[in-house]
Amino acid sequence: MMMENNEGDDEEGYLDSDDSDDDTTSHYIVLSEDDIQRRQEGDILEVSSVLSISTFEASILLHHYNWSITNLNDAWFADEEKVRTAVGLLKKPVIIQHPKAKKLTCGICFDNYRQHRMHAAACGHLFCRSCWNSYISTSINDGPGCLMLRCPDPSCGAAVGQEMINVLVSDEAKAKYARYLLRSYVEASRKSKWCPAPGCGYAVEFVLGSGSYDVSCKCTHSFCWNCTEEVHRPVECDMVAKWILKNSAESENTTWILANSKPCPKCKRPIEKRDGCMHMTCTPPCKFEFCWLCLGSWSDHGNKTGGFYACNRYEIARKEGKYDRTEERRQMAKRSIERYTHYYERWAANEKSRVKAMKDLQAMQTVHVEKLMSMDNGQSELQLKFITEAWLQIIECRLVLKWTYAYGYYLPEHEETKMQFFEYLQGEAESGLERLHQCAEVDLKSLIEGKSQENFNEFRNKLSGLTTVTRNYFENLVRALENGLADVDTFGACSKSGNSKASIAVEEKKSGRGEGTISRSQQQQSWSCESCTYFNQESPTICQICNQHRGGSWSCGRCTYFNNASATLCLMCNQQR
């Protein structure tokens, strides 16, 4: 297969061809190992034909030039001798004749062998088959460095090609070498990466500059192509790296020690006080006794200093400001830990909920669907697709919600209005997700067990509606965070374009007004959707959140759900109109 190269992108020319077997989307292609091998073999054949060399030599050259045909051709035709020297390819193999010798000496083990048991690379240095096998096998077991294997003679730099490897080593070692060669083809490119899922053999070729880095492999694993971590919208890759590092870094232990302990005045070992009096005794072998408050020797304390539960010396020194800086550092450390714990616990809880939702989806597909299909007036599998879509939406939203807590942690604390705006958007999205999750989990179970009073069609409308509303809530949340919460300016006030309910809620929170006290100018400029309560600009007739038309319906007073004008009971909570 002949491969076309793009002159403007030398390093990635080998990825520009099309294969009918590729799983193609708008901005990336999922490649199997067979697809990659066909492309690799095509490049090798092309170089072999153009440069009039063997395929094994072409493979060594391409690997040296990171599988860029253009770079290889430029260097080859500019100075072939220089390229050969750098790679270790000789123009003609050196053939040393030993017509009279019955046995030859191996240059490694120095044993004598018959000529048919001796082998040499193009340089002609002879070694026995056993030493060659050990040398090559050890190099292969050491890793991908075996792709640049040279002659064992210390003074020689001749390359050892795959043709020798295929003859001299075991099938296992040959397969491992071939796999290193295949993986090098992908790893040399800036446009392709291996799927990071354990045991996955697919690679993803990405169209650079095409937008979102979110990709899904054929193995069902979704990840960010840029950093190969899990999909993490709306958080940037550098923030994800900082968050993951923080979760595993020893710095958190240091902060905790600073916030919750004091050093022994004698040996400086950190000591934590849980309860009891101020008389502290350090652990052996130190055994120093001191006052917890002022850190002075306990021999200088007693009833005259306030007894076991107080320290007059500390109170006097504190009033003089001697302990201000230490206490300030300790309080700052405590606040830092409390803030981090707040966001980390919710980040981890949403990950746990996401994993459980994935298990529930599998149970639904294998157990619940069969029960629904076997019920009276049972539905077909196609008609039950909306349940699967709801669970997939839950899983996706849990992942987004999880990473919004990392976003919130790194949001500057001094930007209070942005923080309020963020918390409002996050809270609205989370509330919608909880309603959807409860419907998909609890209401579905009640329907299957026959405990629910609603029929299947009512449940389908309810779940489908919640799925749509939740999806739109999260789309708006992601859009707002990716735009850096642009609806709120740096001075802590809403921008002119921020006429949503979120913006109004932030203003009310700042000014101390209660809910529902929207100004007349704001009422004139926007309208509230009766489905999701989102405040839209005056001109649109369709809600930007849930895509419902303006007017012609009624909103439930209990749950605010948008119902058809003809309905007398709320589809969500059965509340009377």
Looking only at helices (runs of 4 or more DSSP H) that fall completely inside region 94-194, which ones have 1 or more residues that are touching a Leu at 6+ places or on another chain (Cβ under 6 Å) and over 30 Å from W225 (Cβ atoms)?
-> 129-142
Being modelled with pLDDT of 90 or more and open to solvent by less than 80 Å² (accessible area, probe 1.4 Å) narrows E441, E430, E454 down to just E430
Go through K176, K191 for me and flag whichever is in contact with a strand residue (DSSP E or B) (Cβ under 7 Å, 6 or more places away or on another chain) and farther than 23 Å from L90 by Cα.
-> K191
Within region 391-419, track down each residue that is hydroxyl-bearing (S, T, Y) and touching a strand residue (DSSP E or B) at 6+ places or on another chain (Cβ under 9 Å).
-> T417
Give the residues of region 190-204 that are open to solvent by 50 Å² or more (accessible area, probe 1.4 Å) and more than 23 Å from Q362 (Cα to Cα), sorted by residue number.
-> R190, K193, Y202
With respect to the numbered conditions (1) outside the structural domain of V87 (by the TED database); (2) among the small types (G, A, S); (3) touching a residue at least 40 places away in the same chain (Cβ under 8 Å), which one is the sole condition not fulfilled by A158?
-> (1)
Of all residues in region 115-147, which are modelled with pLDDT under 90 and open to solvent by 70 Å² or more (accessible area, probe 1.4 Å)?
-> Q115, H116, R117
Hey, among S251, S336, which residue is out of contact with any Gly (no Cβ under 6 Å at 6 or more places or on another chain), open to solvent by 30 Å² or more (accessible area, probe 1.4 Å), in the same structural domain as E482 (by the TED database) and modelled with pLDDT under 80?
-> S336
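Yes/no per residue for (1) under 16 Å from K371 (Cα atoms); (2) open to solvent by less than 40 Å² (accessible area, probe 1.4 Å); (3) not in a loop (DSSP other than H, G, I, E, B):
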position: F459; (1), (2), (3): yes, yes, yes
position: L463; (1), (2), (3): no, yes, yes
position: T470; (1), (2), (3): no, yes, yes
position: G484; (1), (2), (3): no, yes, no
Residue satisfying condition, being crowded, with 17+ Cβ neighbours inside 10 Å, under 30 Å from the mean Cα position of the chain (by Cα) and either under 24 Å from D34 (Cβ atoms) or without any contact (Cβ under 8 Å) to a residue 12 or more places away in the chain (or both), within set V207, V186, V231 | V186
Can you find even one residue in region 211-221 that is of a type in the set (S, T, N, Q) and open to solvent by 60 Å² or more (accessible area, probe 1.4 Å)?
-> yes
Is one or more of the residues making up region 271-285 outside the structural domain of E441 (by the TED database), in contact with a helix residue (DSSP H, G or I) (Cβ under 7 Å, 6 or more places away or on another chain) and either surrounded by 13 or more Cβ atoms within 10 Å (Cβ to Cβ) or modelled with pLDDT under 65 (or both)?
-> yes
Using beta carbons and a limit of 8 Å, which pairs, at least six apart or on different chains, have the first residue in region 60-73 and assigned to a helix (DSSP H, G or I) and at pLDDT below 95 and the second one surrounded by fewer than 21 Cβ atoms within 10 Å (Cβ to Cβ) and among the polar types (S, T, N, Q)?
-> H63/S184; I69/N5; T70/N5
Could you please let me know if C219 is modelled with pLDDT under 90, more than 30 Å from L104 (Cα to Cα) and assigned to a loop (DSSP other than H, G, I, E, B)?
-> yes
Residues satisfying the stated conditions in region 394-427, i.e. within 14 Å of L477 (Cβ to Cβ), open to solvent by less than 20 Å² (accessible area, probe 1.4 Å) and either of a type outside the set (A, V, I, L, M) or outside any helix (DSSP H, G or I) (or both) | C397, R398, K402, W403, T404, Y405, G408, L411, F421, F422, Q426
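The values are calculated or read from the model by the stated rules, or taken from the named source; none is laboratory data. Here the structure is a predicted model, which means the values were calculated and not measured. Cβ: placed from backbone, ideal geometry, glycine included. Neighbour counts: every protein chain shown. Keep in mind that these areas ignore ligands, DNA and RNA; they rest on the heavy atoms of the full protein, side chains included. Shrake-Rupley method; radii C 1.70, N 1.55, O 1.52, S 1.80 Å.
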